[in-house]
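The values are calculated or read from the model by the stated rules, or taken from the named source; none is laboratory data. For clarity, every value in this text was computed on a predicted model and none was experimentally measured. Virtual Cβ from ideal backbone geometry, glycine too; neighbours counted across all protein chains shown. When the accessible area is computed, the model is the full protein with side chains, heavy atoms only, and any ligands, DNA or RNA have been set aside. Shrake-Rupley method; radii C 1.70, N 1.55, O 1.52, S 1.80 Å.
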Amino acid sequence: MTKSDAGSERRCVACRSSLPKQDMLRLIVDDEGQIWPDLLHKLPGRGLYLCMEAECLSGMSDRRLQPLRAKFKVDFPQWTLLKERLHVILHKQLLQMFTRLRVKTEIGRDAVMHRLWNNAPMLLLVASDAGDAVVRQIESAVEKREQAGHRSRLLSVGSKQWLGEMLGREDVAVAALGTSGMMATNVRKLHQFCVWYGQLKAIG
Ligand SMILES: [Zn+2]
């Protein structure tokens, strides 16, 4: 992990690893001792940080959150609740972000393939059940692009149905978003939240 700004690093409350805080999930504790996710780092109160790495999440439990009991007056047990809250909030936030970015999004294989001829850096979202043929076609186009020096990132997301829901369509196997210019920050956040959503799904 790169340490771009040492001053803004935080320690994960679960695994104790340090990361730049913008790469971490911020949490806050309310007056009733409930932990809430603060995706946009905007809620008032003292923040706690969770790294959201796959390994850390798979080892998460109420016991790992136990040290927060004294320090933050956290009510227990809390991990299952927090997981549910995070799931709901991430889903809602992603839906909002996808809706906002929809006019800038290429949807479906033909549109994405066409867009791949363009040189701009790109984030490609491929549904986990997109099918081997689609995945192969996209991967090979991305490879050719890379050989020509044009960057793209490929991210496996939820099902076609999930990606469709996010984009206001039926089923969507693949979608592409430009990552340059004004949209860069938004797309980076979207990428991060998609990854987190996937990690959460993976631990069930
Ligand atoms: Zn961690």
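Table for the structure above
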| quantity | calculated |
| --- | --- |
| Solvent-accessible area of Leu200 with every protein chain in place, 1.4 Å probe, in Å² to the nearest 10 | 10 |
| Partnerless Cys - the chain, beta-carbon criterion under 4.7 Å | Cys194 |
| Vicinal HN-Hα couplings computed from phi for region 129-141 (Karplus, 6.51 cos²θ - 1.76 cosθ + 1.60; Hz; Gly/Pro x) | 10, 5, x, 4, 4, 5, 4, 4, 4, 5, 4, 5, 5 |
| Two-site FRET efficiency, Glu139 against Asp30, from Cβ-Cβ distance with R₀ of 41 Å, rounded to 0.05 | 0.35 |
| Accessible surface ranking that places the most exposed of Arg153, Arg145, Arg63, Arg69 first, with a 1.4 angstrom probe | Arg63, Arg69, Arg153, Arg145 |
| Spacing of the two label points (7 Å from each Cα toward its C-beta) at Asp62 and Thr80, in nm | 0.8 |
| Label-point separation, Arg100 to Ala120 (7 Å along Cα→Cβ), nm | 1.7 |
| 222 nm mean residue ellipticity, helices alone, for the chain (DSSP H n ≥ 4; -39,500 (n - 2.57); rounded to 500) | -13000 deg cm²/dmol |
| Probe 1.4 Å, protein heavy atoms only - accessible area per residue of region 57-148 in square angstrom | 59 |
| Portion, in percent, of the accessible area of the chain that falls on carbon or sulfur, probe 1.4 Å | 50 |
| Space enclosed by the convex hull of the alpha-carbon atoms of the chain, per residue, Å³ | 136 |
